[in-house]
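The values are calculated or read from the model by the stated rules, or taken from the named source; none is laboratory data. Note that the structure is predicted; figures quoted are calculated from it, not measured. Here the Cβ positions follow ideal geometry from the backbone for every residue, glycine too, while neighbour counts run over all protein chains shown. When the accessible area is computed, the model is the full protein with side chains, heavy atoms only, and any ligands, DNA or RNA have been set aside. Shrake-Rupley method; radii C 1.70, N 1.55, O 1.52, S 1.80 Å.
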Amino acid sequence: MGILYAALSLGALGLVFGILLGFASKKFEVKVDPKIPKLRECLPSANCGGCGYAGCDAYAEAVASGDAKPNLCSVGGAPVAEALGEVLGVSVETGAKMTAFVKCAGNCEKAKQNYEYEGVTNCLEASLLVGGGAKKCSYGCLGLASCVNVCEFDALHIVDGIAKVDKEKCTMCGACIDICPMGLIEAVPYDKKVRVACNSQDAGKDVRNACSAGCIGCKICEKNCPKGAVKVDGFLAKVDYENCVNCKICTTKCPTKAISFLES
């Protein structure tokens, strides 16, 4: 009989606790916006952080709450932005496709060295060495692959001593831009093919002494551009991509070929 009473008591307690837990689950239930899982399905699951959020889950929640715009996914680009817009019931401006670009043409042949470097294979640590690294140009690519190591899309490689971007693989997540201690990597329009492959702030003679491919600030490109799309700021040419029409005049006039045209 005692065993029966114990079993009944335990059953009653179980029933009471079950009712209490059920009530609590309803009382303290966190409502989930039904748009969040739909938005999440539209995202590519790259979790690269290029949108400014910790991952695709966090971005989906931010878009659903209105804290983030639906066109921030650099990996998915326009198709993903449009899909998110459909879930939200709004039209989305996608903007021009962007890609990363390394502003340096100072490869092993063109860039001069201050000394032979043997040590850490990390751009940040190497940039703190005397002269900003082994290269005579203190503004150039160190070629130690920090950007390559953080790229999750195999879009960066070290070629002949400098980092190169494969724009077909680049998703413009921004990881390489953030990691480069020299500030060499920038976002540029994918469909614009004129590139200034130099970051030197030095004047002409000093540039020549360090690298044969550097911009010397001669302003020949600026004077010959029919659209006013190239300006020399200090001693460095810069392209206004809104006005650039890919005419290639600046690339043919540049005496050091610091300005190039991407054929593909």
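Tabulated data
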quantity	calculated
Matching strands (runs of 3 or more DSSP E) fully within region 202-264 where at least 2 residues are aliphatic (A, V, I, L, M)	230-233, 236-239
Residues within region 78-94 that are open to solvent by less than 70 Å² (accessible area, probe 1.4 Å), more than 20 Å from Gly55 (Cβ to Cβ) and in a helix (DSSP H, G or I), tallied	2
Of residues in region 195-206 being more than 22 Å from Ile249 (Cβ to Cβ) and touching a residue at least 24 places away in the same chain (Cβ under 8 Å), the one least open to solvent (accessible area, probe 1.4 Å)	Ser200
The lone exception for Lys97 - which of (1) open to solvent by less than 40 Å² (accessible area, probe 1.4 Å); (2) in contact with a helix residue (DSSP H, G or I) (Cβ under 9 Å, 6 or more places away or on another chain); (3) at pLDDT below 90 it fails	(1)
Region 100-124 residues that are over 13 Å from Cys141 (Cβ atoms) and open to solvent by 30 Å² or more (accessible area, probe 1.4 Å), paired with ones that are among the polar types (S, T, N, Q) and outside any strand (DSSP E or B) (beta carbon under 8 Å, 6 or more apart)	Lys112/Asn209; Asn122/Ser146; Leu124/Ser146
Some residue of region 128-145 being open to solvent by 40 Å² or more (accessible area, probe 1.4 Å), touching a Cys at 6+ places or on another chain (Cβ under 8 Å), assigned to a loop (DSSP other than H, G, I, E, B) and more than 13 Å from Ala105 (Cβ to Cβ)	yes
Sole residue being farther than 29 Å from Val80 by Cα and surrounded by fewer than 22 Cβ atoms within 10 Å (Cβ to Cβ), chosen from Lys192, Lys238, Lys164	Lys238
Selection count where residues are in contact with a strand residue (DSSP E or B) (Cβ under 8 Å, 6 or more places away or on another chain), among the aliphatic types (A, V, I, L, M) and part of a loop (DSSP other than H, G, I, E, B), scope region 155-186	3
Some residue of region 175-192 being free of Cβ contacts under 8 Å to residues at least 24 places away in the same chain and in contact with a Pro (Cβ under 8 Å, 6 or more places away or on another chain)	no
Considering residues of region 54-77 that are open to solvent by 40 Å² or more (accessible area, probe 1.4 Å) and at pLDDT below 90 only, the residue farthest from the chain's Cα centre (by Cα)	Ala54
